[in-house]
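Working notes for the structure below.
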Amino acid sequence: MKLAGNRRGRDLVIKNQQLIKETNLKNVFSLIYSSSGISRVNLVELTGLSPTTVSALVEELLEYELICTMGVGESKTSGRKPIMLEVNRDCAQIATIAWQKSGFSFSLLDLGCSEIEEFSVIVPSGAAFEDVIEEIITNRSQLIDTEKILAICLSIPAIIDSTNKKVITSVLDIDENDDILSRINNKFPELPVMIGNESAFYAYAEHEFSSLQDTRNLIYININVGVGAGIIQNGEIYRGAHGMAGEFGHISMDVNGPECSCGNRGCLERLIKTPRIIELVIDGIKNGKHSEVEALCIGDFSMIDIPMIAVAYNNGDELVTEILSDVARILSFALNNIISFYDPKTIVLGGGIERLGPAFLGEVRTQTKIAGFRKIVSSVDIIFTELSSFNYRNKGAAKYYLDNIFRISGNKKDELIIC
Ligand SMILES: [Zn+2]
């Protein structure tokens, strides 16, 4: 018994030592990653670790080829100039896929989260989603290097119930009881597969790649074919107790409103999602209202999109102004609810709605101030995303993986990570 106890104790010590080493490795790697060149001396100063420990960790990262040397830097003393270290962007790849109503958007990223390759794939009718994803990774991508791939990261416009591993979505054609996550994971026994909500990854990208890097608390409102929110709390994605936080589109704006697929009534998503805005413009024209949009789309209503509506809006189009004023008012009420409840530093509007342009943002800000709890609202910045490219959900996913899941000393190959 005593021997077994000793062995357990020894195992625990070894496990703790491995954990501490992985934490230190990750810490040093993150500092090198976020710098544009850093020396071992800088790393000692920033980590508080001994020079010997830092040297050993740097050697290990060099051996893994995750970092490389980039020449010498300036010395603070008259001594030898320090060798600068940087992340070795080409040593690894992350395959990211954004799952949309229209299909999949694939981006192959290097370790620095820069695009190596990107393309979109429409899912053929009747095809199994997991087969299309497998086809993208194994055949369609020309630049994937299987030796370098760290993980596959999927973003999805859906709630992912992390407890029951179910996908709940009003945007995609997925049955709630469909075990789609396991089927995707089973296709890639040699790779970790991470899947998470697209609004959360947009929010994480905002925190990592925009000028909001120092903003610890922000909410990203993703308005497109659905409406969702990503919450960054203390620099981390906040997902709630069951991984389902951020369903901003399903807060009710009208207790007697129309029933929503979620079971609630009068959901925000039904009122302001971009297809609804387009639908309102088409309805207005069909009901005999004059609008510049009719000329812009040359009579083909299927051509109407948000940039086209923005053109008419900026030209003072009466119908579009009336519709967008209503949309701004409804959105501002919803924003006031989360501002009063959450008190974020910044609210970022994105996902495609930013294409309506600065005049719409001005309208939302004005309406929010009119409707809201004055003192709280006045301290919150409401802005459009600076990262107006749909690829940022992929980059956000990849960066989230690197920061929070990736283990330098080894990852479980067939792991399914829900975040
Ligand atoms: Zn709803």
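Counting lysine pairs in segment 2-89 whose alpha carbons fall under 30 angstrom apart, excluding pairs fewer than 8 residues apart on the same chain, gives 7.
By its C-alpha gyration tensor, with a ≥ b ≥ c as the square roots of the eigenvalues, how is segment 292-419 shaped: rounded for a/c under 1.5, else prolate for a/b larger than b/c, else oblate? Here segment 292-419 falls in the oblate category. In whole Å, what is the distance between the alpha-carbon centres of segment 62-120 and segment 384-417? Cα centroid to Cα centroid, the span is 13 Å.
Summing Cβ point charges (Lys, Arg +1; Asp, Glu -1) relative to the Cα centre of segment 164-216 gives a dipole of roughly 160 debye. The relative contact order of the chain, computed from alpha carbon pairs under 8 Å that lie at least 6 residues apart in sequence, is 15 percent. Counted without the sites themselves, the longest stretch of the chain free of GluC sites (Glu not before Pro) in a DSSP loop having at most 15 other beta carbon atoms within 10 Å is 191-385. Estimated translational diffusion coefficient (Stokes-Einstein, Kirkwood radius over Cα pairs, 20 °C, 1.002 mPa s) of segment 173-285: 131 µm² per second. Each DSSP beta bridge with both residues in the chain is either parallel or antiparallel, and the antiparallel ones are about 60%.
A cut-off under 9 angstrom between Cβ atoms defines the neighbours of Val380, and their net charge, with Lys, Arg +1 and Asp, Glu -1, is -1.
The convex hull drawn around the Cα atoms of segment 33-181, when projected onto a plane and averaged over every direction, covers 12.2 nm².
Restricting the calculation to Cα atoms, the chain shows an Rg/Rh of 1.03 when the hydrodynamic-style radius is the Kirkwood one. Across segment 235-242, coupling constants 3J(HN,Hα) worked out from phi with the 6.51/-1.76/1.60 Karplus curve, θ = phi - 60°, read x, 10, 6, 9, 10, x, 5, 10 Hz, and Gly and Pro carry x.
Projected onto their three principal axes, the Cα atoms of segment 211-384 cover extents of 49, 36, 26 Å, largest first.
Every read-out reported here was derived from the displayed coordinates using simple, explicitly stated rules and does not represent laboratory data. The model shown is predicted, which means the values in this text are computed figures rather than measured ones. Backbone-built Cβ (ideal geometry, glycine too); neighbour counts: all protein chains shown.
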